[in-house]
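I have placed the structure first, in the form of structure tokens, so that the comments after it can refer back to it.
The values are calculated or read from the model by the stated rules, or taken from the named source; none is laboratory data. Just so it is clear, the model here is predicted, and its values are computed rather than measured. Cβ coordinates were reconstructed from backbone atoms using ideal geometry, including for glycine residues, and neighbour counts include every protein chain displayed.
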Amino acid sequence: MAKLEYIWLDGYKPTQSLRSKTKIEKDFSGKLEDCPNWSFDGSSTEQAPGGSSDCILKPVFICPDPQRKDGFLVMCEVLDSTGAAHESNGRALIMDDDNDFWFGFEQEYFLWDPKTNKPLGFPEGGYPGPQGPYYCSVGANNAFGRDIVEEHLDVCLEAGLNVEGINAEVAAGQWEFQIFSKGAKDAGDQIWVARYLLERIGESYGVAINWHCKPLGQLDWNGSGMHANFSNTTLRTAASEATFKAICESFRPAVAECIAVYGADNDQRLTGKHETAAITDYSYGVSDRGASIRIPLYSVQKGWSGYLEDRRPNSAADPYKVAAVIIKTVKSAKL
């Protein structure tokens with residue numbers, strides 16, 4: 001007997017959450033094509049009215065579930081009762097059928113203590129010392145929640161997710177993992193499955209995962225982002241500063257369209273401080289972490305061939321929607 005955990009995104013706005021339920025299958029092959037469509041009550045997830053509540057789960061990605069005997073994790077798209085992509089289905093927006101676009105997402109988050117309603121490492125009656133010693137830190141005075149982070153890394157790797165690294169981040173209790181994939185849909189699938197695994201591991205520790213981009217408000221602490229590193233064949237083989245700048249310029253008229261899907265409350269994070277550009281501005285520059293889009297030094301050293309980093313998406317953004325708007329914008333560039 002195989003345990004298939006069907007995972008999907010609900011219809012809550014402005015930020016969707018993960019949902020999941022278990023399907024038992026006999027003699028399961030472990031292959032995506034042998035995962036049947038399933039259904040769920042959309043009236044309980046803001047995705048359908050009570051009088052016509054069935055929504056369809058279409059499996060699109062599968063990997064082993066290392067924490068369950070005979071288990072598999074099955075990421076799904078949501079379809080409406082007619083079989084069309086549901087309006088909440090961001091994955092359906094991605095126009096990258098040939099996987100020419102490569103994405104590396106840098107997912108930041110806070111480990112959150114529900115008892116104190118503060119990040120791990122924050123004393124109940126106040127605040128820790130100012131940020132500075134926490135980034136890539138070691139030692140019990142500066143690194144908080146490492147057991148959770150290490151377990152998450154091991155589980156992701158055992159599941160076959162392409163995690164490229166982890167590190168403690170600038171604020172106390174803040175961490176990051178990075179996932180890379182050749183193909184926008186696959187990159188989004190892997191981020192969502194990794195988020196699911198982190199949420200589930202947090203349950204066993206009694207620790208919540210706070211994805212909000214600025215959970216500490218306007219205090220002098222960094223927010224959380226999901227920087228999107230991206231390339232296509234044009235960028236990877238450009239050998240041209242003019243091509244890079246033309247693609248960067250293509251984002252200037254698309255600022256509003258991008259910000260609309262780069263995560264809720266991003267005005268709280270994109271202030272021009274704490275390694276961000278102001279949400280009202282648009283800029284790009286070589287090795288500039290205060291710009292909207294950073295041109296990595298790597299790309300310049302490779303003769304203006306490589307990738308770009310959009311630093312505006314926040315930690316709660318849907319990677320599907322982020323990838324979709326980046327692909328659309330890059331394709332609009334006047335080269």
Where a residue in region 30-49 is exposed (fewer than 12 other Cβ atoms within 10 Å of the Cβ) and its partner, wherever it lies, is β-branched (Val, Ile, Thr), with Cβ under 8 Å and at least six apart: 31/62
Positions within region 61-86 being crowded, with 18+ Cβ neighbours inside 10 Å and either not charged (D, E, K, R) or not in a loop (DSSP other than H, G, I, E, B) (or both), in sequence order: 61, 62, 63, 72, 73, 74, 75, 76, 77, 78, 79, 86
Test result for residue 278, surrounded by 16 or more Cβ atoms within 10 Å (Cβ to Cβ) and either touching a strand residue (DSSP E or B) at 6+ places or on another chain (Cβ under 6 Å) or outside any helix (DSSP H, G or I) (or both): no
Residue 179 vs. criteria of a type outside the set (D, E, K, R) and more than 15 Å from the chain's Cα centre (by Cα): no
Any hit, region 214-223, residues being surrounded by fewer than 17 Cβ atoms within 10 Å (Cβ to Cβ), modelled with pLDDT of 95 or more, hydrophobic (A, V, I, L, M, F, W, C) and over 17 Å from residue 321 (Cβ atoms): no
Hits in region 87-139 (condition: of a type in the set (Lys, Arg) and either assigned to a loop (DSSP other than H, G, I, E, B) or touching a Gly at 6+ places or on another chain (Cβ under 7 Å) (or both)): 91, 115
Residue within region 228-241 that is modelled with pLDDT under 95, surrounded by 14 or more Cβ atoms within 10 Å (Cβ to Cβ), under 23 Å from residue 187 (Cβ atoms) and hydroxyl-bearing (Ser, Thr, Tyr) present: no
Checking residue 309 against (1) over 18 Å from residue 93 (Cβ atoms); (2) assigned to a loop (DSSP other than H, G, I, E, B), the condition it does not meet: (2)
Subset of region 296-310 (residues that are in contact (Cβ under 8 Å) with a residue 40 or more places away in the chain and of a type in the set (Ser, Thr, Tyr)): 299, 305, 307
So residue 77, is it assigned by TED's automatic domain parsing to the domain that holds residue 203, charged (D, E, K, R) and touching a residue at least 60 places away in the same chain (Cβ under 8 Å): no
